[in-house]
Amino acid sequence: MHVRPGFIMFMVLVVFVNGSDLGLWLAGFLALFTLLHELGHAFAARATGARAEIALDFLYGYASFVPTRPLRRWERAGISFAGPATQIVLSVVALMAMGVNPLDRADVTSSYAALALWWAGPVIGLFNLVPILPFDGGNIALAGLETFMGSRARAAMMYFSLTATIAFGVYFLTHEHLQGMVIFAIVPLLAQLQMLTAHRGNGRPAHGSSAIFARAEAQAWATGDVDRFVAGQLPSPWFRAHQQLSAGHADTARQLLLADFADPAEPSWWPPDAAPEQALRALLEVLPRPLPTGRVFSEYVLAGVLLRLGEHEAAAHYAAEAYQRQPSPILAVCVARGAAALGDRPTALGWLRAAVGAGPASDGLRHVADSSTEFDALRDDPEFLAITHASV
């Protein structure tokens with residue numbers, strides 16, 4: 001569990017805004033039930049065999065977990081439900097033990113302690129079950145929607161959540177007695193915009209957050225410290241698997257990596273660019289043969305690992321086969337890098353054309369072309385420059 005400075009600052013702010021009489025009770029109960037909420041998620045995740053961590057930060061807490069096997073939809077929904085359910089049930093029990101009826105306004109307002117407990121427990125717990133992302137209710141609804149819409153469910157749920165949140169915000173602002181509640185629309189709106197940006201990034205974490213992601217992942221590999229990851233970001237499964245392998249748990253390391261390939265959700269981690277080659281090679285050895293397939297981003301990262309370890313032919317074949325199943329520019333670039341490293345100019349240029357498609361080169365392709373050492377022999381090739389540096 002990680003308690004970050006922002007969480008302490010938020011508790012102090014709660015006391016400052018509400019005064020010491022109510023504020024101290026409210027801050028105490030908010031801290032307690034935020035922790036219990038996240039423990040509900042974490043223990044539900046562990047019941048499926050997942051590894052879980054809890055972080056408490058400004059305005060929120062969150063439980064991150066890495067499954068050791070593909071999770072069923074009902075298991076993911078159950079993990080989401082466990083948090084608010086724990087919060088609601090325990091807070092209602094506590095209210096009743098105090099002799100307070102949570103449905104009786106007079107009882108609830110009879111003391112600062114009862115009012116604070118009522119808000120921090122059942123009210124916020126029920127609010128978390130609203131079926132919009134990023135709340136738990138939204139994740140439960142998403143799991144159900146995937147039954148009918150498959151991979152399109154996440155985009156549909158994100159746009160629905162964004163529309164609903166904006167509508168609520170406008171409603172709060174246009175009713176004077178509700179204007180103080182606009183914060184309940186602003187916080188999820190910011191998270192939704194970040195999620196939408198990441199979703200449009202073709203599976204790779206959003207460009208705007210790439211520096212934060214990369215630094216946090218690099219620190220994890222260098223020191224083992226994961227405190228730089230912010231809400232919605234996780235250490236890569238390669239780092240988690242490295243931790244398990246270092247502890248002598250090769251089977252668990254393998255399952256962590258395999259579970260990531262089977263995960264249908266948008267990736268919330270950065271590639272292990274800062275990992276030592278020796279660590280990557282050890283992890284590559286625990287993977288089964290043939291190498292696993294599944295999520296495009298995970299295939300792209302594995303192809304990148306093979307390239308970094310000098311296994312250019314294996315990387316090119318793996319990425320080409322993955323491309324045949326799910327055409328993606330990032331996989332086509334991996335094939336091109338492998339072919340270029342093997343000195344196969346026509347194949348490299350052909351796959352770069354496939355990455356560009358019918359349109360001009362993207363900024364991402366330019367960056368890969370400029371930073372990948374495999375293309376060093378093609379730097380002055382006019383055709384290479386025409387493909388990778390055409391006007392956007």
Exercise for the section: Tell me, please, whether a residue that is surrounded by fewer than 19 Cβ atoms within 10 Å (Cβ to Cβ), within 25 Å of the chain's Cα centre (by Cα), over 16 Å from Ser372 (Cα atoms) and not hydroxyl-bearing (Ser, Thr, Tyr) can be found in the range 326-343. Expected result: yes
Exercise for the section: Inspect all residues belonging to the range 164-177 and state whether any of them is within 27 Å of Phe43 (Cα to Cα) and touching a Pro at 6+ places or on another chain (Cβ under 9 Å). Expected result: no
Handout entry: When residues of the range 202-260 are limited to those that are at pLDDT 90 or above, of a type in the set (Ser, Thr, Tyr) and surrounded by fewer than 23 Cβ atoms within 10 Å (Cβ to Cβ), the one nearest to Pro272 (Cα to Cα)
Key = Ser246
Practice task
Look at the range 274-284 and say how many of its residues are surrounded by fewer than 22 Cβ atoms within 10 Å (Cβ to Cβ), farther than 17 Å from Asp225 by Cβ and touching a Phe, Trp or Tyr at 6+ places or on another chain (Cβ under 9 Å).
Solution key: 1
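Please pick out the residue among Pro292, Pro264, Pro271 that is part of a loop (DSSP other than H, G, I, E, B), modelled with pLDDT of 90 or more and within 15 Å of the chain's Cα centre (by Cα).
Unique residue meeting the criteria: Pro271.
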Problem - Single unsatisfied condition, His37 versus (1) free of Cβ contacts under 8 Å to residues at least 60 places away in the same chain; (2) out of contact with any Phe, Trp or Tyr (no Cβ under 9 Å at 6 or more places or on another chain); (3) buried (at least 17 other Cβ atoms within 10 Å of the Cβ); (4) closer than 20 Å to Ala77 by Cβ - result: (1)
Completion exercise
If we take the range 90-149, then helices (runs of 4 or more DSSP H) inside it with 1 or more residues that are within 27 Å of Ala167 (Cβ to Cβ) and touching a residue at least 60 places away in the same chain (Cβ under 8 Å) are 124-127, 136-149
Fill in the blank from the handout: Out of (1) free of Cβ contacts under 8 Å to residues at least 24 places away in the same chain; (2) touching a Lys or Arg at 6+ places or on another chain (Cβ under 9 Å), the one His367 does not meet is (2)
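For every residue, the table says whether it meets (1) under 22 Å from Val92 (Cβ atoms); (2) out of contact with any Gly (no Cβ under 8 Å at 6 or more places or on another chain).
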position	(1), (2)
Met1	no, yes
Ile8	no, yes
Val12	no, yes
Val15	no, no
Asp21	no, yes
Leu26	yes, yes
Leu35	yes, no
His41	yes, no
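Quick one: would you say Glu38 is in contact with a His (Cβ under 9 Å, 6 or more places away or on another chain), among the acidic types (Asp, Glu) and either under 28 Å from Ser111 (Cα atoms) or not in a helix (DSSP H, G or I) (or both)?
Values: in contact with a His (Cβ under 9 Å, 6 or more places away or on another chain): no; among the acidic types (Asp, Glu): yes; either under 28 Å from Ser111 (Cα atoms) or not in a helix (DSSP H, G or I) (or both): yes.
When the stated conditions are applied, Glu38 does not pass them.
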Practice task
Could you tell me whether Val305 is outside the structural domain of Gly338 (by TED's automatic domain parsing) and either at pLDDT below 90 or crowded, with 16+ Cβ neighbours inside 10 Å (or both)?
Solution key: no
Fill in the blank from the handout: For the range 77-97 the number of residues that are under 25 Å from Ser20 (Cβ atoms) and surrounded by fewer than 15 Cβ atoms within 10 Å (Cβ to Cβ) is 1
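The values are calculated or read from the model by the stated rules, or taken from the named source; none is laboratory data. Being a predicted model, the structure only gives us computed values, none of them experimental. A quick note on method: Cβ atoms are made from the backbone with ideal geometry, for glycine too, and the neighbour counts reach across all protein chains shown.
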